[in-house]
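Colleague: Before anything else, here's the structure in question.
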Amino acid sequence: MSAEPKLIVGIDLGTTYSLVAVLQAGVPVVLPNALGERLTPSAVSVLDDGRVVVGAAARARAVLDPRNTALAFKRDMGTERLYELRGESFRPQQLSALILAALKQDAEAALGRPIEEAVVSVPAYFGELQRQATRDAAAIAGLHVERIVNEPTAAALAYGLRAADNDQRVVVFDLGGGTLDVSVLEIVSGVIEVQATAGDVRLGGEDFTDALAELAASRLDDDDRAELREHPIGWARLREACEGAKRRLSTEPAATVDLPDLPFGPGRRSRLHQSITREQAVDAWAPLLGRLRGPTERALRDASLDPGRLDHVLLVGGATRMPCIQHAVAGLFGRPPLCSLPPDEAVAMGAAVQAALKARDSAVADMVVTDVAPFTMGIESSVRMGSQFVGGVFAPILERGTVIPASRVKPFSTVADFQRTIHFKVFQGEHARCADNQQLGEYVLAKLPELPAGKVSVEVRFTYDLNGILEVDLTVGGTDRTETLVIERSPGRLTAEQVEQARQAMKRWKVHPREELPNLTALARAEALFVELIGPEREALGQSIARLRYALDRQDPVLIRQCRELLVAHTTQLLGGSEG
Ligand code: AMP
């Protein structure tokens, strides 16, 4: 009897939304969350009773309680930033872990078996620290990461299943909530090679929402605008309304932003009612649209690819639903892009394909993936200026675009007579000066043989694996002494002990049980809407909210279900027409 095959899920841990998918009978299937939805907002909120909620309920709370709600924390992965939510500090890894734990539970509920392993996607542009932070987040959530996969590679895998046999050159243009990735791929009879990647880690759909909020605010008089900016709830509500307007503008020529009861400072409330046309929005977005060109040209240049030789441009990321983005992409590449898969699901689907590949699912056995190093990595060296040496010079060892896994070696030698130590500093980046690149780690190689300058050589070997993890080995010439560089002082990197502590902390947090999420989300969404309304509509919604609260107090499952369904229907009806 053969053992049950290993089941690895694919996870797209996105800036705004996260998804979990699995390959079933050779087809990637996105699994639903506790609400039956496929996209789980990457949001975490701490309630006033200290309970932690994730997903849609947390997203709705961003309006009601922005101070105790964390969004877009993927942007801070690999940094030392701490989020303070109701007096408790959370690292970006811990917030991501809460999302991953929720997706793990969703997958377990959908598949009816425990899930312990995942393939997790990251932007191709993520450096080593951010990749490690992603692994740490998974470890905190109790998931082993079988593979970190670049998002564009995953997208190509999702399309690859459907692709024809002939060789193709493909660009994946991925504009998500927070990041832009442009990747050039070559697909040759089932083998996908990433030839170049470029991007912007600070450009995404959220910036388009911010720009709409700025446009709406710019139409207010100076005092109102200044006061609104000072008011976190007011601003969050304006932003939320603009997010809806942005989505409606993807299918309609104009959208209305209507906030009936906006706080403009102590005790003063008034209505904000504006119409934004597509043309006005596109004008406001012009600086953002302009920023699509740089990474596009760099990716094409690095791959030495003339756009005329491209076979396909794939659109990935929710923000590529915007017609102005599709138009801009068509202009940049001189051809209409393909968007046959849902752009916000393609990466998760591809991660599921990669997961099946790891688990050796026979449906994908013939596909092979290779990848490239997203950054140049090297060490600090010095140049001779007369009798002096000037330091701070970046000496690349493993160049950006090298197909990985890869190992590259370079010899260095001492610069002073009888030099006993060499201080190695490892950097990643594309700049000539080390100061302009990101330091990954350092190591002091001591007890070198006492010899004249230049007579002691050290071979520096960089080994970069498919998960984007770098190992540096230092071998002293003429000996078999080799030391492996331990990266000690990287800000944002967690030690094994810290990961364990974070795991324990996660067990202490009172995370809302999955089965309560539908009630909690229905309440949070209705309460966020309640803030928006005035008059009889507000009163009626207040009554529906009170009914569900009463049923929850009574702990009567039949009544709870009835009241929740009524509240969801009531909320949906009130939102009718105003949400896209
Ligand atoms: P992703 O991280 O790929 O899920 O992308 C999320 C981003 O896509 C967010 O900024 C959303 O506002 C944006 N988005 C999703 N749907 C639409 C739509 N229909 N029109 C415009 N933007 C959208």
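Colleague: From the C-alpha coordinates alone, can you work out the Kirkwood hydrodynamic radius of segment 104-212, in Å?
Modeller: 15.7
Colleague: Can you compute the equivalent ellipsoid semi-axes for the chain, i.e. the square root of 5 times each eigenvalue of the Cα gyration tensor, sorted largest first and rounded to whole Å?
Modeller: 45, 27, 26
Colleague: Counting only C-alpha contacts under 8 Å and six or more residues apart, can you give the relative contact order of the chain as a whole percent?
Modeller: Once divided by the residue count of the chain, the mean separation gives 16 percent.
Colleague: Right, here's the next one. For segment 420-547, rounded, prolate or oblate, judged on the Cα gyration tensor with a ≥ b ≥ c (square roots of eigenvalues), a/c < 1.5 rounded, else prolate if a/b > b/c?
Modeller: prolate
Colleague: Then there is this: Quote the relative contact order of segment 514-579 in percent (integer), defining contacts as alpha-carbon pairs under 8 Å separated by 6+ residues.
Modeller: RCO, segment 514-579: 37 percent.
Colleague: Sticking with this structure for a sec: What's the whole-number percent of alpha carbon pairs in segment 377-494 lying beyond 26 angstrom?
Modeller: Of all Cα-Cα pairs in segment 377-494, 18 percent lie more than 26 Å apart.
Colleague: Which peptide among 138-146, 110-118, 307-315 comes first, and what is the full order, when sorted by highest mean count of other Cβ atoms within 10 Å?
Modeller: 138-146, 307-315, 110-118
Colleague: Find how much the distance from ARG298 to ASP49 grows on full extension, using 0.36 nm per residue of separation minus their present alpha carbon separation; answer in nm with one decimal.
Modeller: Contour length minus the Cα-Cα distance gives 84.7 nm.
Colleague: Continuing with the same structure: What nm distance separates the two modelled labels at LYS507 and GLN388, each placed 7 Å from Cα along Cα→Cβ?
Modeller: 5.8
Colleague: Starting from the Cα gyration tensor of segment 205-288, take the square roots of the eigenvalues, sort them a ≥ b ≥ c, and report rounded, prolate or oblate (rounded when a/c is under 1.5, otherwise prolate if a/b is larger than b/c, else oblate).
Modeller: prolate
Colleague: Could you list, bin by bin from short to long, the percent of Cα-Cα pairs of segment 514-579 in 5 Å steps?
Modeller: Taking all Cα pairs of segment 514-579, the binned fractions are 3, 19, 31, 25, 14, 7, 2 percent.
Colleague: May I ask which of LYS358/LYS410; LYS6/LYS507; LYS74/LYS358; LYS6/LYS425; LYS74/LYS507; LYS104/LYS358 have a Cα-Cα span longer than 29 Å here?
Modeller: Too far apart for the 29 Å limit: LYS358/LYS410; LYS6/LYS425.
Colleague: With a cut-off of at most 14 other beta carbons within 10 Å, and DSSP calling the residue loop, which trypsin sites (Lys or Arg not before Pro) in segment 164-248 qualify? Please list them.
Modeller: ARG202, ARG219
Colleague: How big is the shadow of the Cα convex hull of segment 115-162, averaged over all directions, in nm²?
Modeller: For the Cα atoms of segment 115-162, the hull's average projected area reads 3.5 nm².
Colleague: Take peptides 438-447, 546-555, 337-346 and line them up by average Cβ neighbours within 10 Å, highest first, as a rough protection proxy.
Modeller: Ranked from most to least packed, the peptides come out as 337-346, 438-447, 546-555.
Colleague: Efficiency by 1/(1 + (r/R0)^6): what FRET value for ARG219 and ARG268, r their Cβ-Cβ distance, R0 = 30 Å, to the nearest 0.05?
Modeller: 0.95
Colleague: Less than 17 Å apart at the alpha-carbon level, and either on another chain or at least 8 residues along: which aspartates and glutamates does that give for LYS246?
Modeller: Filter leaves GLU206, ASP207, ASP210, GLU214, ASP258, GLU279, ASP283, ASP344, GLU579.
Computed from the coordinates by the stated procedures, all read-outs in this text should not be read as laboratory data. What you are looking at is a predicted structure, and each value in this text was computed from that prediction instead of being measured. Cβ atoms come from the backbone with ideal geometry, glycine included; neighbour counts cover every protein chain shown.
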